[in-house]
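For reference, the structure is listed below as structure tokens.
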Amino acid sequence: TTTDVATYSATWWSYLASPPQSLLWWWTGERFGGVELSLFPGAVAIALAAAAVFRRPRTIVVVYAALTLVIVELSLGLNGHLYSWLFDHVSALHGLRSPSRFGIVACCSIAMLAGFGAQTIHDRLAAFGPRPAAGVVAGLTMLVAIDNGTRGMLLMDLPYQTPSAFNVYKTIRALGPGPVLELPLPRLD
């Protein structure tokens, strides 16, 4: 429904929200995010992406920057302009419950921009010799690892099932390769 799409549409604040598993940014999820709305790509990635855009405005960087802006706008769903217009004119989008998932593609394009930014910094320091450039690469790698460090996924133990208990996944696996049909099927209209 339109209410579901609105609920799972990102906001600009969603890009400041990190999942609760983040070691550095856990506190931002409660403040800025929500379920499926933690889209923070990391401070180091944002800084490196900005370095690419402002220090190396080549065609490929401009293309990725424009792609990032369009995808972020799409992730805003009904909170934005482009997706709202498309939602009214393209009925296929009515089947997409969570436009905030466009944020995954946005983070990928930010990662590409961050790579261009790291290359820019590397190239500028390469003029001073290979050691400073290599040191910066190692330092940036460490910063990205620290910035995106997590506690791991929150998993739970499944209740014990006796071997004789019916389990649909064990049954399907025992059948061997072949097609699987999940019912009910969606209506085409």
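List of remarks:
- Looking only at residues in the stretch 59-85 that are without any contact (Cβ under 8 Å) to a residue 12 or more places away in the chain and out of contact with any Phe, Trp or Tyr (no Cβ under 8 Å at 6 or more places or on another chain), the one that is least open to solvent (accessible area, probe 1.4 Å) is Ser84.
- Look at (1) among the small types (Gly, Ala, Ser); (2) more than 27 Å from the chain's Cα centre (by Cα); (3) within 26 Å of Ala10 (Cα to Cα) and you find that Ser109 fails only one, number (2).
- Residue satisfying all of: in the stretch 22-58; closer than 27 Å to Leu78 by Cα and among the β-branched types (Val, Ile, Thr); least open to solvent (accessible area, probe 1.4 Å) among these: Thr28
- Considering the stretch 13-58, and only residues there that are of a type in the set (D, E, K, R) and not in a loop (DSSP other than H, G, I, E, B), the residue that is farthest from Arg97 (Cα to Cα) turns out to be Arg55.
- Qualifying residue in the stretch 133-151 (condition: more than 28 Å from Ile60 (Cα to Cα), open to solvent by 100 Å² or more (accessible area, probe 1.4 Å) and in a loop (DSSP other than H, G, I, E, B)): yes
- From the list Ala49, Ala17, Ala45, the one residue that fits, being farther than 18 Å from Leu113 by Cβ, out of contact with any Asp or Glu (no Cβ under 7 Å at 6 or more places or on another chain) and of a type in the set (A, V, I, L, M), is Ala17.
- Just one of the listed residues (Thr11, Thr59, Thr1, Thr7) is modelled with pLDDT under 85 and among the polar types (S, T, N, Q), and it is Thr1.
- Residue list for the stretch 94-132, filter: closer than 21 Å to Ala47 by Cβ, free of Cβ contacts under 8 Å to residues at least 60 places away in the same chain, of a type outside the set (A, V, I, L, M) and open to solvent by less than 70 Å² (accessible area, probe 1.4 Å): Ser109, His122, Pro132
The values are calculated or read from the model by the stated rules, or taken from the named source; none is laboratory data. This is a predicted model, so every value here is computed, not measured. Positions of Cβ are backbone-derived with ideal geometry, glycine not excepted, and every protein chain shown enters the neighbour counts. Please note that ligands, DNA and RNA were not included when accessible areas were found on the heavy atoms of the full protein model with its side chains. Shrake-Rupley method; radii C 1.70, N 1.55, O 1.52, S 1.80 Å.
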